[in-house]
Amino acid sequence: MTLQKFTNKTLSIFFRLIIILFGIYIINYKDNYFECYWYYLAIIPYLFIYVNTVFNDGFSSKIRLVNDYLFIVFLIYGKDLDIVTATFLLLPVINSPNHSGDKKSIMLYVLFVFSIFLLNNYKFSWTFIIVTFAFRIVNFITDSRNKYFENISKLNKEIELFLEKELELRKSYKVYNGILDVLNNIKFLKFYRPTFSKIICFKIDKRKIIIENSSVFVWSYTIDDEFIQEVINAKDLEALSYSNINLEINDVNCSKNFFLVNQTKNNRYIFVFVLEDFSNRLFNTYYISLLQSITARISKVIGIENSIKNENKKMLMDFRKKYFHIQNAEKAMHFIRNRFNTLDNFIEMSKDNINGKMDGDDLKLYSTELDRLERSYKLLMDRVKAILDKSDKPFSATKLEDKTLNFLFGSIREIWLDFFETFNVEIDVDVNLIDKFTVKLNSDGLYILILDWIANLKKYSEKDEIVVFSETQTQYLISFRNQFKIEDKKDILELRDDFNSTERDKILQRTSHGILIMKSILEEMCVSGVIEVDGNIIELKLSFKKEENENSDF
Amino acid sequence: MKIAIFENEYDTVEIAFKYLNKKYFNYSLKLENYPSSDSFPDLKKLQDYSLIIIDLDLSSQSSLDGFGLIKKIEKTLVEPIKILILTGQALSDKYDVENGLNKKYPVLEKPINYNKLNNQFEKLGIKYIG
């Protein structure tokens with residue numbers, strides 16, 4: 001049973017309890033027409049019928065209604081119609097907004113009028129009708145208000161469903177289908193039920209309107225120019241909505257419509273709801289007020305989608321630059337390899353020469369090859385020099401941002417959990433002061449650095465891998481500790497010496513590429529690092545300088 | 001014997017071929033260099049050659065690369081002809097299938113010298129008949 005249904009049934013049971021209690025009060029308060037015990041006995045069939053129909057809807061709800069009125073009329077039959085008995089008679093009418101099932105409403109008032117007629121000694125009076133009418137109107141207003149919020153709730157639910165299932169890039173338009181369904185099932189006014197056929201969202205971008213997404217594929221559109229200008233120049237977007245603007249979508253006239261405008265942090269969005277058969281400006285306001293908060297939510301979702309798209313674009317642009325660098329390196333390799341033909345052949349010919357197997361003509365060829373080799377050598381060296389000297393490195397960690405320890409912690413944990421089952425960590429910092437400080441680092445550089453180290457940790461460590469976060473007055477210290485296999489001690493000590501020394505970098509450039517990358521990233525981020533070896537424990541210690549956090553609340 | 005060599009950086013291998021020609025073939029080879037697939041327009045004439053040597057990366061000016069050229073030759077020539085592939089990187093075992101060739105051809109990986117060329121020539125049955 002859904003929560004909604006459970007709530008309704010609970011209210012229904014509660015209401016019957018009120019009827020019974022009120023009924024008991026009336027039995028004791030007024031002179032009774034029948035013997036007292038008849039009234040108490042009447043509770044039994046009343047409850048019996050109710051209990052058998054409470055969990056069903058449809059026809060059963062009519063049975064419950066008739067059941068209520070039979071009981072009520074029985075209880076107050078023969079008694080004067082005073083404020084108490086009148087209230088008792090009105091209970092079903094007052095409670096009607098809580099009832100499930102809406103076909104009951106006519107029946108409810110008919111039963112009510114008929115009941116008064118019965119109790120009024122079968123005399124009809126127009127006051128019955130006036131009273132009924134008054135209650136009907138009040139109930140109608142309450143009912144409409146409930147329906148209004150129910151509709152907003154349904155529309156919000158569509159967005160929730162969508163967010164749960166479909167928040168995929170470039171698919172936010174899928175939420176429109178759900179919304180169209182809800183809109184087309186709203187029974188607000190009996191005589192005004194327009195058919196919603198399309199929802200289209202436009203973005204205002206630098207004084208132009210461009211299409212953002214839509215429930216149908218749109219290849220062409222024209223919108224009234226005056227309207228566009230008005231929206232672009234509008235200062236206050238709070239209650240901006242329009243009806244029946246001149247609009248053509250895919251060469252089809254879609255001028256039966258209404259427009260809603262939303263402002264997010266960075267953009268303005270226009271939502272167009274296209275109606276099929278008719279569109280009345282006045283009655284559209286009901287739908288417009290329903291959709292105001294909904295379109296605001298969708299704007300936010302689109303905004304997030306766009307942020308993600310932009311991030312992706314930035315990443316791809318970055319990657320592209322690096323890709324071209326790699327391509328150039330490959331091309332250079334290809335060129336170099338071709339040049340080796342000359343060298344290879346020259347070496348081979350030299351063997352003949354040394355063995356005295358060359359005559360005059362051979363020596364001429366040999367000499368030509370030597371010239372070519374010399375030229376190749378020059379070309380090769382130029383190319384090699386160009387690659388090594390290139391300042392257009394594919395990667396640089398010099399762009400620094402301010403990040404809190406939270407960020408460092410999160411980044412390290414994320415990478416760690418890619419390699420290990422659990423995050424073994426020791427935290428020895430004052431967590432209350434974490435937001436007071438930031439450290440300067442480059443997030444890409446940090447990622448590569450940590451990834452490299454942890455990957456190696458996973459490969460070469462024997463056991464007891466742990467990350468320790470600690471601090472001094474001026475620095476955050478992060479150390480990676482683990483136990484290594486004793487037979488690797490020589491390599492580990494060499495690693496330590498290579499890493500810690502500043503004098504071996506030129507040699508490292510030829511030999512140990514991985515360490516050099518780590519060292520150069522640390523250098524570019526101005527983070528100091530040192531490796532310590534104690535027994536068979538190796539520890540990499542990184543020190544990040546603390547900076548005052550300008551954005552902190554401290 | 002006519003040998004067609006499709007190679008766009010011929011100066012890197014020219015001496016190798018010339019020395020090969022002198023040392024093992026007594027100048028009997030007629031070596032012809034074509035830097036691109038377009039420099040030999042009528043492929044039917046290749047039927048007259050004893051061997052076609054094709055470098056897989058022909059120049060960017062060429063409308064066909066090495067594999068493209070081989071495919072076209074396979075389609076154009078009636079009688080099968082000897083082809084030797086020159087390449088700078090190792091080819092996979094299924095390179096013929098992957099590139100739409102009718103069959104596999106002998107492959108010589110660069111860098112090359114005159115002795116490596118001679119070994120391949122021998123395998124292909126191209127010998128000096130004095």
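The values are calculated or read from the model by the stated rules, or taken from the named source; none is laboratory data. As the structure is a computational prediction, the values presented were derived from the model and not from experiment. All Cβ positions, glycine included, derive from the backbone under ideal geometry; neighbour counts span all protein chains shown. Accessible surface areas use protein heavy atoms only, side chains included; no ligands, DNA or RNA. Shrake-Rupley method; radii C 1.70, N 1.55, O 1.52, S 1.80 Å.
Looking at the square roots a ≥ b ≥ c of the eigenvalues of the Cα gyration tensor of region A:25-130, which shape do they give, rounded for a/c under 1.5, prolate if a/b is larger than b/c, or oblate?
Judged from the Cα gyration tensor, region A:25-130 comes out oblate (a/c at least 1.5, b/c at or above a/b).
For region B:89-117, a drop of 50 Å² or more in accessible area on going from the chain alone to the assembled protein chains (1.4 Å probe) is found at B:Lys110, B:Pro111, B:Asn113, B:Tyr114. Buried accessible surface for the B/A pair, both sides summed and rounded to the nearest 100, is 2000 Å² with a 1.4 Å probe.
Note on chain A: dipole from Cβ charges, positive end direction compared against A:Phe128, A:Asn345, A:Ser543; the farthest Cα belongs to A:Phe128. With Cα atoms as the point set, region A:413-496 shows a radius of gyration and Dmax of 14.6, 45 Å.
Spin-label model, A:Ile211 to A:Asp57: label points 7 Å out along the Cα-to-beta-carbon direction sit 3.9 nm apart. With only Cα atoms counted, the protein assembly as shown has Rg and Dmax values of 44.2, 146 Å.
Only Cα pairs under 8 Å and at least 6 apart count here; give the relative contact order of chain A as a rounded whole percent.
Details: 603 pairs, mean separation 40.2, N = 554.
Reported as a whole number, the value is 7 percent.
Heavy-atom accessible surface of A:Tyr25, to the nearest 10 Å², is about 120 Å², with a 1.4 Å probe and all protein chains retained. Taking amide H as placed 1.01 Å from N in the peptide plane, B:Leu64 has its amide H under 5 Å from the amide H of B:Ser37, B:Asp38, each at least 5 places away in sequence or on another chain. Rounded to the nearest whole Hz, the Karplus-based 3J(HN,Hα) values (6.51 cos²θ - 1.76 cosθ + 1.60, θ = phi - 60°) of region A:304-314 follow the sequence 5, 4, 5, 4, 4, 4, 5, 4, 4, 4, 4, with x at glycine and proline. Measuring r between the beta carbons of B:Val78 and B:Asn26 and using R0 = 35 Å, the FRET efficiency lands at 0.65.
Between A:Lys322 and A:Leu417, what's the calculated FRET efficiency when r is the beta-carbon distance and R0 is 22 Å? Round to 0.05. Approximately 0.25, to the nearest 0.05.
What does the C-alpha gyration tensor say about the overall shape of region A:166-307? Classify as rounded when a/c is under 1.5, otherwise prolate if a/b is larger than b/c, or oblate. Mind dumping the intermediate values first?
Numbers: a/c = 1.40, a/b = 1.21, b/c = 1.16.
Rounded.
Anything over 21 Å Cα to Cα? Flag those among A:Lys157/A:Lys198; A:Lys314/A:Lys541; B:Lys22/B:Lys123; A:Lys9/A:Lys147, in the order listed. Over 21 Å apart, Cα to Cα: A:Lys314/A:Lys541.
Averaged over its residues, the protein assembly as shown has an accessible area of 57 Å² per residue, based on protein heavy atoms and a 1.4 Å probe.
How high is the relative contact order of region B:1-91? Use alpha-carbon pairs under 8 Å, at least six apart in sequence, and give a whole percent.
Over region B:1-91, the number comes to 33 percent.
The H on the amide N of A:Glu212, modeled in the peptide plane, is under 5 Å from the matching H of A:Cys201, A:Phe202, A:Lys203, each at least 5 residues off or on a different chain.
Mean residue ellipticity at 222 nm from the helices of chain A, using -39,500 (n - 2.57) per DSSP H segment of n ≥ 4 over the full residue count, to the nearest 500 deg cm²/dmol? Intermediate results must be reported in sequence, preceding the final value.
Values: 15 runs with 320 residues, N = 554.
Roughly -20000 deg cm²/dmol at 222 nm, from the helical runs in chain A.
By how many nm would the segment from A:Leu161 to A:Ser350 lengthen if fully extended, with 0.36 nm per residue of separation less the alpha-carbon distance?
Working: separation 189, 0.36 × 189 = 68.04 nm, distance 7.81 nm.
Separation in residues times 0.36 nm, less the Cα-Cα distance, equals 60.2 nm.
In the structure shown, the pairs A:Lys165/A:Lys190; A:Lys357/B:Lys127; A:Lys208/A:Lys265 are assessed against 23 Å; a Cα-Cα span above that value is assigned to A:Lys165/A:Lys190. Going by accessible surface with a 1.4 Å probe and the largest first, A:Arg16, A:Arg268, A:Arg413, A:Arg375 read A:Arg375, A:Arg413, A:Arg268, A:Arg16. Burial of accessible area (probe 1.4 Å, heavy atoms of protein chains only) in region A:337-364, relative to its chain alone, reaches at least 50 Å² for A:Arg337, A:Asn338, A:Arg339, A:Asn341, A:Asp344, A:Asn345, A:Glu348, A:Asp352. Rounded to the nearest Hz, the phi-derived 3J(HN,Hα) couplings of region B:107-120 under the Karplus curve 6.51 cos²θ - 1.76 cosθ + 1.60 (θ = phi - 60°) are 10, 10, 8, 7, x, 10, 9, 5, 6, 4, 4, 4, 4, 5, where x marks glycine and proline.
Multiplying the residue separation of A:Ile24 and A:Lys5 by 0.36 nm and removing their Cα-Cα distance gives an extension gain of 4.0 nm. How far apart, in nm, are two points set 7 Å out from the Cα along the Cα-to-Cβ line at A:Ile129 and at A:Lys331? Once both label points are built, they end up 9.4 nm from each other. Atom-type composition of the exposed protein surface of the protein assembly as shown places 56 percent of the accessible area on carbon and sulfur (1.4 angstrom probe). Modelled this way, with points 7 Å down the Cα-to-C-beta line, the labels at A:Tyr37 and A:Leu493 are 10.9 nm from one another.
What ranking do A:451-459, A:434-442 get when scored by the average of other Cβ atoms within 10 Å per residue, highest first? It would help to have the intermediate numbers written out before the result.
Details: A:451-459: 15.9, A:434-442: 19.9.
Peptide ranking by packing, descending: A:434-442, A:451-459.
A straight chain from A:Asp428 to A:Ser105 at 0.36 nm per residue would run longer than the Cα-Cα distance by 109.4 nm. Near the amide H of A:Ser255, within less than 5 Å, lie the amide hydrogens of A:Leu247, all on another chain or at least 5 residues away, with H placed in the peptide plane. Secondary structure note: in the protein assembly as shown, about 75% of the DSSP beta bridges are antiparallel. Only helices enter this figure: runs of n ≥ 4 DSSP H residues, each worth -39500 (n - 2.57), summed and divided by the residues of chain B, yield -8000 deg cm²/dmol at 222 nm to the nearest 500. At a Förster distance of 51 Å, what's the computed FRET efficiency of A:Asp444 paired with A:Lys187, Cβ-Cβ distance as r, to 0.05? So, using R0 = 51 Å, E works out to roughly 0.35. Per-residue 3J(HN,Hα) values for region A:543-548, derived from phi via the Karplus relation 6.51 cos²θ - 1.76 cosθ + 1.60 with θ = phi - 60°, read 10, 10, 6, 7, 10, 5 Hz in sequence order (x marks Gly and Pro). What shape does region A:155-237 have by the C-alpha gyration tensor, where a ≥ b ≥ c are the square roots of the eigenvalues, rounded means a/c under 1.5, and otherwise prolate means a/b greater than b/c and oblate the rest? Oblate shape, in that a/c is at least 1.5 and b/c is the bigger or equal ratio.
Of the residues making up region B:14-32, those losing 40 Å² or more of accessible area when the isolated chain is joined by the remaining protein chains, with a 1.4 Å probe, are B:Ile15, B:Tyr19, B:Lys22.
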